[in-house]
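Down below is the structure, laid out as structure tokens.
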Amino acid sequence: AAKCRTPAAPFGAGLVVEETRPQRLPGYDDGAFYVQDPAQALVVRFAGFPPDAVVFDPCAAPGGKALGTAQRVRSVLAADLARRRLGRLAENVTHVSARNIHLLVADARHPPVRPMAAILLDASLRAAKLNVEVNLAGLKDNHRVSACRDEIGIAAVETATLSQRILK
């Protein structure tokens, strides 16, 4: 097997790989690992979802947090507004053979599920901007992006039961 340098990421959030194309590393083709930002790994670790939880991730693509969460819970409902972004998530799910992630195209402002005991929300500026661009025919307006992000957050709170954990 080829050797590669793999120093630990800060706070034990995985390994830092110096290879610019991780898919060339041993084990990648076998689904032994996936590429994830260390911050995503920390979110998953500190979320503390119980092992029997069904978690709804309304802004899931490309899937780093959904994949990590799926290793710790019963199942993940992973949604995204853009079908092409969900395609990337589907590739990642297939790559690691995650059988407990269920994909759906959905607008995070109008979640198709209620109620959910666990919600993993990362309504990033990119997610909100994508939502605005898709729904407002490409109009780019920071006030609309901010309002959209707020709507996503409100929808997550309304979707959660009292035992929820919402990360933003």
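The values are calculated or read from the model by the stated rules, or taken from the named source; none is laboratory data. Note that the structure is a prediction, hence the values are computed from the model and not measured. Heavy atoms of the whole protein, side chains included, go into the accessibility calculation; ligands, DNA and RNA do not. Shrake-Rupley method; radii C 1.70, N 1.55, O 1.52, S 1.80 Å.
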(request) Would you mind getting the accessible area per residue of the stretch 1-84, heavy atoms of the protein chains only, 1.4 Å probe, in Å²? (result) 59 Å²
(request) Would you grab the residues whose amide H sits under 5 Å from the one on Leu120? Only those 5+ places off in sequence or on another chain, please, with H modelled 1.01 Å from N. (result) Phe56, Asp57
(message) At 1.4 Å probe size, with the rest of the protein present, what percent of the exposed accessible area of the stretch 1-85 is carbon and sulfur atoms?
(response) 53 percent
(request) Quote the accessible area belonging to Asp52 in square angstrom, nearest 10, computed with a 1.4 Å probe and with ligands, DNA and RNA left uncounted. (result) 110 Å²
(request) May I ask for the distance between the Cα centers of the stretch 96-116 and the stretch 23-46, given as a whole number of Å? (result) 21 Å
(message) Taking a ≥ b ≥ c as the square roots of the Cα gyration tensor eigenvalues, with a/c under 1.5 meaning rounded and otherwise prolate when a/b beats b/c, else oblate, which class fits the stretch 1-128?
(response) prolate
(message) Taking 0.36 nm per residue of sequence separation and subtracting the Cα-Cα distance, how much length would be gained by fully extending the chain between Gln23 and Val105, in nm to one decimal?
(response) 26.8 nm
(request) Quick one: accessible surface of Phe49, probe radius 1.4 Å, all protein chains present, in square angstrom to the nearest 10. (result) 30 Å²
(message) Using each residue's phi in the stretch 105-110, evaluate 6.51 cos²θ - 1.76 cosθ + 1.60 at θ = phi - 60° and report the 3J(HN,Hα) Karplus result to the nearest Hz, with x for Gly and Pro.
(response) 8, 7, 8, 4, 6, 9
